[in-house]
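Have a look at the structure below before the remarks.
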Amino acid sequence: MKMRDGKKENLSKKVVLYMLKVVAKEKPVYFVPFAMYFITNLMRRIETIILPKFLIDALVGLFNGENLSFYLQRAILFAGITVGMQLAASVIEHWAGRIQNYYNEWFNLYFELKVNEHAMKIDFEHTENPQVLDQLHKAKEGMSWYSGNVYGILYQLFNIINNVVVIIGVITIIAISCPIIIPIEVVSIGLCAIFNRKINLLEIKSFQGLAKQNRIFGYIFWELSDFTYGKDVRLYNSADHFNKRAEEHLDEQVKIWKNQAEGTKKQQYIINIITAITSGLTYFYIGLKAVKKVVSIGDFSMLVSATSNLGQSFDAVVKSFQEISKRSSYVQQYFDFMEYPDALQKGSLNIKKDGDHQIEFKNVSFKYPRSNEYVLENVNITIPSGQHLAVVGLNGAGKTTFIKLLCRLYDVTSGEILVDGINIKDYTEEEYRKLIAVVFQDFKLFCFTVKENIAFSLDADQSGIDEVLRQAGLYDEVQTMPHKELTYMWKGFEKDGIEFSGGQKQKTALARALYKNAPLVILDEPTAALDPIAEADIYSRFNTTLAGGKTAIYISHRLSSCKFCDKIAVFSDHTIKEYGSHTQLMKIKDGIYHNMFETQAKQYRKK
């Protein structure tokens, strides 16, 4: 237990220092409202603890008929000070609140962007790992909702500072007249802290169980409300099914919250009983002193208020420490995601800028993480610079996995992939990826302008954009759009956005790959939405003009495109079974490629 508590203490310290450094670096003005609240807190305590004593004593003097002028002046003075402090505190708190609300939102967005940025840069393998996806949601929810972000941590820190100052002040007041109250309050707060800690532990446990449910809940309630699912939802009448699934997961969430509430109920009852007993003993003791006239009525008011503030401040300090500990546990989820171990080895070498680049697979085998079955086994192939290679095979033969390994979205399980004789693991990711431009069959376009979808920049060279649009066969269509290349794709942001057809989307993705101007171009079924004639035209122009002297790898189920390639690699049984030119492979009468080509040719002749 000591070790566990030590770790929590170190974590709390780490989180507090981290938040202070972030604020000091990014927005140091955020400390100003906390300083303003510190001032108003002292003003409020003086107003509620000390000023009433002098006002009451002045009023008692008036009622007793003693020195009316003196006590009237004092009553007016302290009433005026009280009202003035209330007004001043209200004005300061108003401005502090405005400043704080602005920067609270700023820091929420700051950490949201940090998480999203890291999510886009982590190794691709992590994006298909449910454990990492759960950690992503824990990071987002832990940093924003559960921990309260920067405000949630720093509020507790400054709350401790504020209340420690108050404790010092009220203890001084109480120690003069009623010192016995102090140990009673300390024992009470200590007991409450024990039970409050149990409540915090139950809340943290519930948070861990909610991560997966929140991810599924978010998908069903947010992702499926996206209008891009509209056709499938309506044509397959699936709305009722989705609603049913939503209810199931909502019930699971409610169950977790219910268990948390049931678990904390007993502890909260005990805390309430302890607080009630402490208040009763305290008020009885002070009241007895007032009856015996040991203290004045003004002193009685001050002592009651001071005692109440002592208990509240002690309680606030203890709870704030516990809150920092609990909230730090949630922030830890953010740290865990941002520091998630790399899935890929990180190299330091750069790809040579100019010249040829030879690619070689040497005894490459691969199985996906969390799987025991090999997708590729003992793949060996050399792709000389400038070669145009077609990769064919039945579904599930490993073609796309072959490309993913070459793109280094995953590392091989065994064997090695070499570029210019060097293992690709030894190159930096940024430099290595400059070598490759790829269009996957499940490519993604974004709800931005056509230009941004191609170059990921609005400042990109216009002539370059026009050129790749022409090469992809999309230029004339773009010129007819409302804002040409600055037209938004879809209507998510702009009402005059354009709904692209499947063919237009694929041409846009092709233009993106062309714009990158990388020495290695990979097309993984990029023309599936085009008709055979349009596809043949694209491949013909790409093979002769667009790819030019670049190395190019094509994956296509339409084997007519393979005629354009220098070599063909036929995948079957998780490896390369046949390799050669179209002419060479067609001479193998019982070969895989020959049979696939003839079967497909017959289908086209029938049409």
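The values are calculated or read from the model by the stated rules, or taken from the named source; none is laboratory data. Nothing here was measured: the structure is a model prediction, and the numbers come from that model. Methodologically, a virtual Cβ is constructed for each residue, glycine included, from the backbone with ideal geometry; neighbour enumeration extends over all protein chains shown. With ligands, DNA and RNA removed, areas are computed over all heavy atoms of the protein, side chains included. Shrake-Rupley method; radii C 1.70, N 1.55, O 1.52, S 1.80 Å.
Couple of notes before you dig in:
- Number of the condition not met by Asn64 [criteria: (1) open to solvent by 60 Å² or more (accessible area, probe 1.4 Å); (2) touching a residue at least 40 places away in the same chain (Cβ under 8 Å); (3) of a type outside the set (A, V, I, L, M, F, W, C)]: (2)
- The number of residues in segment 381-414 being over 35 Å from the mean Cα position of the chain (by Cα), of a type in the set (Gly, Ala, Ser) and open to solvent by 20 Å² or more (accessible area, probe 1.4 Å) comes to 2.
- Val438 more than 26 Å from the chain's Cα centre (by Cα), among the aliphatic types (A, V, I, L, M), open to solvent by 20 Å² or more (accessible area, probe 1.4 Å) and at negative phi: yes
- Any hit, segment 516-539, residues being β-branched (Val, Ile, Thr), modelled with pLDDT of 70 or more and in a helix (DSSP H, G or I): no
- Of everything listed in (1) touching a residue at least 24 places away in the same chain (Cβ under 8 Å); (2) among the aliphatic types (A, V, I, L, M); (3) over 30 Å from Cys407 (Cβ atoms), the single unmet condition for Ile122 is (3).
- Flag if Tyr103 is touching a residue at least 12 places away in the same chain (Cβ under 8 Å) and under 24 Å from Leu154 (Cβ atoms): yes
- Single match in Ile274, Ile324, Ile270 (criterion: more than 30 Å from Val379 (Cβ to Cβ), aliphatic (A, V, I, L, M), in contact (Cβ under 8 Å) with a residue 24 or more places away in the chain and open to solvent by 40 Å² or more (accessible area, probe 1.4 Å)): Ile270
- Matching entry among Ala58, Ala96, Ala75, Ala79 (being part of a helix (DSSP H, G or I), open to solvent by less than 70 Å² (accessible area, probe 1.4 Å), closer than 30 Å to Gly148 by Cα and small (Gly, Ala, Ser)): Ala96
- Any hit, segment 29-48, residues being at pLDDT 85 or above, farther than 25 Å from Ile324 by Cα, in a helix (DSSP H, G or I) and open to solvent by 50 Å² or more (accessible area, probe 1.4 Å): yes
- Only one of the listed residues (Ile153, Ile184, Ile199, Ile168) is free of Cβ contacts under 8 Å to residues at least 24 places away in the same chain and assigned to a helix (DSSP H, G or I). That residue is Ile168.
Results for (1) in a strand (DSSP E or B); (2) loosely packed, with under 15 Cβ neighbours inside 10 Å, shown as yes or no for each residue.
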residue	(1), (2)
Ala343	no, no
Lys346	no, yes
Val364	yes, no
Glu373	no, yes
